[in-house]
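Participant: The structure's right below; bear with me while I get my questions together.
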Amino acid sequence: MKPFAFPSRREAGDDAFRGREFRRVSLPHRLMRLLIVFASGSAAALAMAPVNAVAALFLAPLPLFWFTRASGWKRGFGLGWLWGMGFSVWSFLWLREIFWAIPLAIAPVLGLYYGVFGAATALASRRLLLPAAVRERGFTAQEECRDYPVWRQFGWCAAVAAAFVTAEFLRSNVLPWNYFGIAFHRHAVMIQLVRYTGVYGLSFLAVFTAAALALAIRTVSVRDPERGTYRYRRPWPLLLALTLLAGNIALGNAELRRARAEYAQAEHLLRVTLVQGNLSQRRFGGEDKAREALQTYVQLTRARLGDRSDLIVWPETAVPYPLRGGAPICAEYRNAVRTLATLAGAPMLIGTLEYDISTSPAGSLNSAVLADGRDMLRAGYLGQYDKVHPVPFGEFVPFRRYLPRWLIDMIDMHRDLTPGKSLAPLRINNRVNLGVSICFEDVFPYIARQEFLRGANLLAVITNDAWYPTSSEPEQHLAHALFRAVETNLPMVRCGNDSASCVIAPTGEFLWSMSRACGLGDGKPFRRGAGAATVEVRVPDASRLRTTFYTRYGDWFAWLCVLGTAGIGLGALLQVTAWRKRVRLSRA
C-alpha cells in the first residue's frame, strides 16, 4: 500500500472497506463534503455588510479545517477553491446589478486564491501538525490521531492563519474587497490594530482563533489506548487565541484614547460643504439627463452659499460630461461651476472626466479637479488629481487585444481610461493638503498611505455608487474607506452621489453624516437621499502628525505571512524528497 493512500479492498479487507474508509470515498459522502465546504464558505460572507455577523469568521473555516486534516495538497487546493467560491459568490452578489451572471463568473477565479489557503492548510495538517511516527503508519492512524504536541498545535494555527492572509494578499492588486478584517469595521477598539499591521492583522487574528477552536474541538478529549478511557487536554492554542484577542482589545483602547486626544488638539477648522444629489446612474443618459443632474447639484449648492465654506465638494461624475468638453452642456457646466465658486468665495472639488494630452491619441481620465471662479479653458484648475487605479472591466478592459470580440461586446463600457501618474495631494490653503481617492480607490491602502507620505493631512473620497441602487454595495464600500483613516491616522471627508457622505475621524469613528444631518432614512451613514450641508472638520497640523507603523513600513505583516506560507510549501517538498530518497535506498 502506498503511503497516505486509501486502502484497497484486498489490503484492508472487506469489513474495513465497507467501514469508514468506504464511506469517505463513496459518491454521496463526497458530494455531501463538497456541499458542506461550499456552504461554510458562503456562511463566511455573513460577517460582511449588511448582516455584519462577525461570529461567522470564527465558525466558517471549521469544515475546511476538518476535511483537509488528512488530505494531500491537491485535494486541499480543491476544497479551498470550493470554499472560496462560496465566499466570493455571496460577497460580490451586489455585482448582479450590473449583470446577473457576474458573481457566478468571477467566483471560480477568486476562489483560486483560497485554493492556496486550502492547499497550505492540508500541507500544514499533514507535515506540521502530525508527528512523523503517525504519518508513517498511514491514513487510518492519521485520521484517528488527536494527541498532537502543543508546539505543533501552535505552529499549525499560525501556519493556516498566515496562509489565509497570503490568499488575501495575492488578490490585493485585483479586488481587495471584503477581507476578513473588514468585518470588524463597526468595532473601533478592534480595528486600531491596523495602525501596525494593516487589515491583514485582523484577518490573521480571526483565522488563528478559528483554527484554535477547531483544534480545541478535536483534542479536548483524547483516548488513552492503555486504559481505554478518555482524558481532558487543556486547549492551549484556544487560550492563546483568546489572550491575543484580549491583548488587541487592550491595545485598541489605548490607541483609541491617544488618537482621540491627539485629534481633539487639532486647531485648524476647515468648513466643507458636501453635496449629495441622490441621482440614478446617468452615464448613458445624454445631455438631457446631464442637464438635470447639473441643475440638481447647482440648486443644492446654492442653498448652502451662506455657510461661508472653505471648500465645496461634489461627488465623482456628478455631471456625466467632461467639465472642459466641447458639447453645449459642458459650457453650461463650466459657467455654473465658475459662478458658484465666485459666489461662495471658495474652490470646488468636482469629479469629472478629463483628457490626457500626453498620449496619442489623447486618453480619458477620471479626475478630481479643484476649480475656482477663473475661466477653466484658459487658466485651468487650481489642482487636479487623476485616478491612478481604474476599475477593471468598469473603466478599462484588461487584455482587450487578446479577448474575443463577442466577450468584449458583452463587457465593454466603451472606454479605456488612462491611469493617473501622481499621488501628490491637492493644496487647499496654507494649512490643508488634500489626499484624494476616487470611488474604488479607497479600498487600496497604498493610495492613502502614499498621499500621507507626500504631505497630505486630510483625506477626501468622492464616489458614485449609483450603479448599485438596491444592494449592500454602498455599506460595504464605506466599511473599506474608514480603514484608510485609521491606517494613516488622518481624518477623512467622503462625498457620495447617492449615499455615504460623511466625516470620519482618525479613529475610524463617524463624526458626522449627511443622513443624520438631513434626516435621511434611519440616520445610518450609508443611507440614500439628497441633501447638502456644511460641516467643520478638524485638520491636524502637518508638522505634528504622528506616522503610524503601517504608514511607515506598509504591508510588512502580509509579506511575513507570505514567507511563512512559502516555508510550509518548501518544508513539505523537502520532506517528500527525503522520503522518496529513503524509499529508493531501501529498494536498492
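What follows is calculated from the coordinates using simple rules that are stated; it is not laboratory data. Predicted, not measured: the structure shown is a model, and the values here were computed from it. Glycine gets a Cβ as well: all are built from the backbone with ideal geometry, and neighbour counts include every protein chain shown.
Participant: When the Debye formula is applied to the Cα atoms of the stretch 32-181, each taken as the same point scatterer, what base-10 log of I(q)/I(0) results at q = 0.14, 0.16 Å⁻¹?
Facilitator: The computed values of log10 I(q)/I(0) come out as -0.66, -0.83.
Participant: Principal axes first, then extents: for the Cα atoms of the chain, list largest minus smallest coordinate on each axis, whole Å, largest first.
Facilitator: Ordered largest first, the chain gives principal extents of 89, 57, 45 Å.
Participant: With +1 on the Cβ of every Lys and Arg and -1 on the Cβ of every Asp and Glu, and nothing else charged, how large is the dipole of the stretch 265-552 about its Cα centre, in debye rounded to the nearest 20?
Facilitator: For the stretch 265-552, the charge dipole is close to 460 debye.
Participant: Thinking of the stretch 446-512 as a set of Cα atoms, what percent of all their pairs are more than 13 Å apart?
Facilitator: More than 13 Å apart: 61 percent of the Cα pairs in the stretch 446-512.
Participant: Using alpha-carbon positions, what is the distance between the centroids of the stretch 537-588 and the stretch 151-195, in Å?
Facilitator: Answer, in whole Å: 13.
Participant: What is the calculated FRET efficiency for residue 220 to residue 29, with r their C-beta to C-beta distance and R₀ = 30 Å, to the nearest 0.05? Intermediate values should be presented prior to the final figure.
Facilitator: Working: r = 26 Å, r/R0 = 0.85.
Efficiency, from the Cβ-Cβ distance: 0.70.
Participant: Here's a follow-up. Working from the pairwise distances between different alpha carbons, so that the mean of 1/r is found and then inverted, what is the stretch 530-584's Kirkwood radius in Å?
Facilitator: 16.6 Å
Participant: Just grab the label-to-label distance for residue 99 and residue 173, each label 7 Å out from Cα along the Cβ direction, in nm (one decimal).
Facilitator: 2.6 nm
Participant: If you bin every alpha carbon distance in the stretch 265-552 into 5 Å steps from zero, what whole percent lands in each bin?
Facilitator: Bin by bin from 0 Å, the calculated values are 1, 6, 12, 17, 20, 18, 13, 8, 3, 1, 0, 0.
Participant: Size of the dipole of the chain about the Cα centre, Lys and Arg at +1 and Asp and Glu at -1 on the beta carbon, nothing else charged, in debye to 20?
Facilitator: 2360 debye
Participant: Mind pulling the angle between the C-alpha long axis of helix 236-264 and the longest principal axis of the chain? Nearest 10 degrees, somewhere in 0 to 90.
Facilitator: The helix 236-264 is inclined about 10 degrees to the chain.
Participant: What is the distance in Å between the Cα centroid of the stretch 27-81 and that of the stretch 238-263?
Facilitator: The distance from the Cα centre of the stretch 27-81 to that of the stretch 238-263 comes to 30 Å.
Participant: If we count GluC sites (Glu not before Pro) as exposed when they sit in a DSSP loop and have at most 13 other beta carbons within 10 Å, what is the longest stretch of the chain that avoids them all?
Facilitator: Answer from the scan: 268-588.
Participant: Here is a further query. Quick check: pseudo-label points 7 Å beyond the Cα along Cα→Cβ at residue 51 and residue 331, how many nm apart are they?
Facilitator: Output for this residue pair reads 5.6 nm.
Participant: Need the full-extension length gain, residue 575 to residue 249, defined as separation in residues times 0.36 nm minus the C-alpha distance. One decimal, nm.
Facilitator: Here the answer is 113.4 nm.
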